[in-house]
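In what follows, a single structure is set out as structure tokens and then discussed.
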Amino acid sequence: MLKRIKKAVLTVMMFSLCGCSGTADQKPAGENYTIYIGTDLHYISPQLTDYGPLFTEMIETGDGKLTEHTEEIADAFVETVLKEKPDAVILSGDLTFNGEMLSLQDLKVKLDKLRDAGIKVLVVPGNHDIAYGFAARYEGYAIFKADQISQQQFREVMSAYGMDGALSKDSSSFSYVYELRDDLWLLALDCNTEAEPGSVSAGALRWAEIQLKKAKESGVHVISVTHQNVLPQSSMLADGFIINNAAQVLSVLRSGGVQLNLSGHSHLQHVSEENGLTDICTGSMSVYPLRYGILNIDKEGNAVYTKDHLDVVQDAAYERFTGRTREQTSMLLEDRNIPDDQKEKMVTFAVDMNTAYFSGELDPETDYRALEEWKLWEQYGKDTFWYFYFNSMLD
Ligand SMILES: [Fe+2]
């Protein structure tokens, strides 16, 4: 069904931009604008691990991330961006593995190369970045506490990546408005403050409302970015995946005329649309196939989102992600009275479905429920989580 991914293009929105002239620093309306979008890199500094047995076991039994290769992954992303030279890069949170200060500082050094090349880098913190209790250093079979990142420290370390040069900043969070083009702003909404983790505070929402009103009065279009999703990306990815007060956030975005939000956190590549607002969830950069997104806004005002992937450590990423699914479904079916060849078909189907789902490659033209393998799951595994999960993917 799916072994290796191909580049796919998805047009998600088209809108008409006003034709005002440019200012000194920003691109004028009427010029193409390209944004590279990365999320959930979960970078760990090589200073924090010896890649020894404890670290390896933790990663291999985790959620499919290729954490031992985030150094190469981050470098590959930086190289790609330097080569392609987009106007801006947005990193929508979970920059660090588990909120280690050393990881943030080392990642910043890599991002500095982009800034030095004249590419704007704009970030928001993720839930793993701020005051996260699992920040650690790994050595052999031992684990040691590592310095975490407070909200204030994140603001200090990453100030060059959103806050400095912003048109407006919220005082209580890492939320800001950045002018991308003179007819296009980015509204970055921080949903991971120490005071209200998982939510956009009432104060930040009031501030956002004022910014969106200003944009409307100036005829400026606004794209927003959040770490957690504003819309559920599936029936199973609502609680814990969307912003806690998503209804209020959506209401502010919609009444402010925002049509497109960029998010991450769920680690899968997916698009949800509801009542004129599209939430594009870009897949985690450290999960197969090492996703990033490209948003092109042309001079006519058409916005096109393309999903792409990094051409490094693909085999290891594929093995990591599929290995976990294979292991879990094999164990589940082990004691069931199913002929071995049929059991193998069911396991392979689960591996392919899960991989296609996470990488945003499920084929809308394929009737998955008509496949022989689907019928086997219906016959032997209808009572399982996996059957329920397959249905949620297609629904
Ligand atoms: Fe997250």
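The numbers here are math on the coordinates, done by the rules we state, and not lab data. Predicted, not measured: the structure shown is a model, and the values here were computed from it. Quick reminder, even Gly has a Cβ in these numbers, built from the backbone with ideal geometry, and neighbours come from all protein chains shown.
Overview of results
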item: Per-residue [θ]222 nm for the chain (sum of -39500 (n - 2.57) over DSSP H runs n ≥ 4, rounded to 500); result: -10500 deg cm²/dmol
item: Assigned charges on the beta-carbon of Lys, Arg, Asp, Glu; region 314-394 dipole about Cα centre (debye); result: 260 debye
item: Residue exposure sequence - LYS83, LYS382, LYS113 - by fewest surrounding Cβ within 10 Å; result: LYS83, LYS382, LYS113
item: Dipole in debye (nearest 20) - the chain, about Cα centre, beta carbon charges: Lys, Arg +1; Asp, Glu -1; result: 860 debye
item: Relative contact order of the chain, pairs being alpha-carbon contacts under 8 Å that are 6 or more residues apart, as %; result: 20 percent
item: Residue exposure sequence - ILE37, ILE280, ILE294, ILE223 - by fewest surrounding Cβ within 10 Å; result: ILE294, ILE223, ILE37, ILE280
item: Cα-based equivalent ellipsoid of the chain: semi-axis lengths in Å, sorted from largest, via gyration tensor; result: 35, 25, 19
item: Cleavage-rule hits (trypsin sites (Lys or Arg not before Pro)) in region 318-376: DSSP loop, at most 12 neighbouring Cβ within 10 angstrom; result: ARG336
